[in-house]
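As structure tokens, the structure follows; a few thoughts come after it.
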Amino acid sequence: MQFADRKEAEAFLAAHPEVRSIELFIIDANGIPRGKLLHRDELLAIYDNGRPLPSSILALTVQGEDVEGTGLVWEVADADCWTYPLPGSLTLQPWRASPTGQLQVSMHPTQGLPATPADPRQALSRVVDRLKADGFHPVMAVELEFYLLDKQRDAHGRPQPALQMNGIRPEAPQVYGVYELEQLQPFLDDLYAACEVQGLPVRTAISEYAPGQVELTLEHRFDVMQAIDEGVRYKRLVKGVANKHGLQACFMAKPFGDRAGSGMHLHVSLADAQGNNLYASEDIHGTPLLRHSIGGMMARLLDSLAIFCPNANSFRRFQANSYAPLAKSWGVNNRTVSFRVPGGPAKSRHIEHRICGADANPYLAAAAILAAIHEGIREQIDPGAPIVGNGYEQATEFLPTDWLTALRALEASSWAREALGEDFLKVFLAIKWEEYRQFMGEVGEQDWRWYLHHA
């Protein structure tokens, strides 16, 4: 694990005397930033000696509640665990009303114990190291879909798409609509500007398949840790910029039952140490290495599903003809499958993994994908014939569409324990089982609507 040099902090403080506060955060099992707001005078000490955070910070539900079953709360007396800054993560938060910095940290391999094994970034780092040891350098890019919502709820108290500049609330999908993007111009301008300040390689903006739904792509990185770090920081940035505009950026997998869900598509390839794409091929079906990679991902899809779809809401996204995949399937230039090999020049050949909801933790999703690819290569797993045409109609091996089945599959998976680390998996499953119990124990609006008068 590489941590940042003190010179980075010295240069930042010299360049930004106006900054008084710095948001320090670590990413938890749910992909949520957790941390503190520090004074600038505390910054250099963090680079020199690290910063303690309680062990329980990596043992929280999505609602921020302690989960005692993780073993990271009372069992270890909620011990201080030392974190250190990640290189390149010290930036401004340009959406803040007052000049504020931002710093991402990760647990130290030894000083961070007992919390270190529960750090999702560490889980990814271990997978990447194993691939590199075999001569494979993973390359990744992140795509994230999200909804822009009004802070004001509708007449029923439910979320609703944000008003456009013209005062009209969008109701039709208007997929790829350029006029819809024009209506978002102030938000997008601030978003791109903020990304430039933070060095995030955000590229194409698309009006996605629902009113108020947007997708922006991040450029691929040869360093996969950098790619995922940037994806995590981008998500934090989107929420911050939206808030500045009086909006809410929503990364729920399925916020509306009658509208498209939001996914996180991860684009992946393998390179050699010099950066040459090992998937590169004039054959649109790719090299044997590419196909074995897909075979591994297909073989471990059920084991990984609770990582890709970590919440109850995640599974509401899986509906036919919704552009969300439903089965173990792959194809070339085909958006109805789970693993898509995009068209394009031979040198750009790669795989688009389309399973994850936008609510997935990018570190864990990337770790599961790469570990499955590694197994597929080692075992030379054949993915079978690619799907040609409508994958929804041709699907034979369907994904489970419920949280319980996915959690049980992850719990029973010896592969997952090896890939992600047994200690990490213990923490993650403890959190998810606690969330499952809480979710199933809560009586919601739908229960009243369905059963109050008819049970």
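The values are calculated or read from the model by the stated rules, or taken from the named source; none is laboratory data. Keep in mind that what you see is a predicted model, and the values were worked out from it rather than measured. Glycine gets a Cβ as well: all are built from the backbone with ideal geometry, and neighbour counts include every protein chain shown.
Within segment 284-318, the residues that satisfy the criterion of being of a type outside the set (A, V, I, L, M, F, W, C) and more than 30 Å from residue 256 (Cα to Cα) are 285, 286, 287, 288, 291, 292, 293, 295, 296. Please work out which residue is modelled with the highest pLDDT, limiting yourself to segment 189-207 and to residues that are under 16 Å from residue 247 (Cβ atoms) and either touching a helix residue (DSSP H, G or I) at 6+ places or on another chain (Cβ under 7 Å) or assigned to a loop (DSSP other than H, G, I, E, B) (or both). Among them, the one singled out is 194. One residue stands out among those in segment 20-34 that are under 29 Å from the mean Cα position of the chain (by Cα) and surrounded by fewer than 20 Cβ atoms within 10 Å (Cβ to Cβ): the one that is nearest to residue 100 (Cα to Cα), which is 21. Residues that are crowded, with 19+ Cβ neighbours inside 10 Å: list the helices (runs of 4 or more DSSP H) wholly contained in segment 355-455 that include at least 3 such residues. It comes to 362-379, 403-411, 414-420, 422-441. The numbered conditions (1) farther than 30 Å from residue 109 by Cα; (2) not in a strand (DSSP E or B) are all true for residue 352 except (2). The lone criterion from (1) in a loop (DSSP other than H, G, I, E, B); (2) crowded, with 23+ Cβ neighbours inside 10 Å left unmet by residue 319 is number (2). For residue 91, the test of being over 20 Å from the mean Cα position of the chain (by Cα) and farther than 25 Å from residue 8 by Cα is failed.
Screening the candidates 378, 437, 449 for the property of being of a type outside the set (Val, Ile, Thr), over 18 Å from residue 352 (Cα atoms) and modelled with pLDDT under 95 yields one hit, 449. Based on this model, can you work out whether residue 40 counts as surrounded by fewer than 20 Cβ atoms within 10 Å (Cβ to Cβ) and of a type in the set (D, E, K, R)? Here the answer is yes, as residue 40 does meet what is asked. Listed by first and then second residue, the pairs with beta-carbon distance under 8 Å, at least 6 apart or on different chains, first residue in segment 182-194 and over 13 Å from residue 164 (Cα atoms), second among the charged types (D, E, K, R), are 190/244. All of 110, 116 fail the test of being modelled with pLDDT of 95 or more, in contact with a Pro (Cβ under 7 Å, 6 or more places away or on another chain) and of a type in the set (S, T, N, Q), apart from 116. Among the candidates 449, 349, which residue alone is farther than 30 Å from residue 333 by Cβ, more than 20 Å from the chain's Cα centre (by Cα) and among the basic types (Lys, Arg)? After ruling out the rest, the residue left standing is 449. All conditions in (1) crowded, with 19+ Cβ neighbours inside 10 Å; (2) part of a loop (DSSP other than H, G, I, E, B) hold for residue 343, with the sole exception of (1).
Here residue 360 does not qualify as out of contact with any Pro (no Cβ under 8 Å at 6 or more places or on another chain), within 30 Å of residue 226 (Cβ to Cβ) and modelled with pLDDT of 95 or more.
Please tell me if residue 133 is buried (at least 19 other Cβ atoms within 10 Å of the Cβ) and outside the structural domain of residue 27 (by TED's automatic domain parsing). Here the answer is no, as residue 133 does not meet what is asked.
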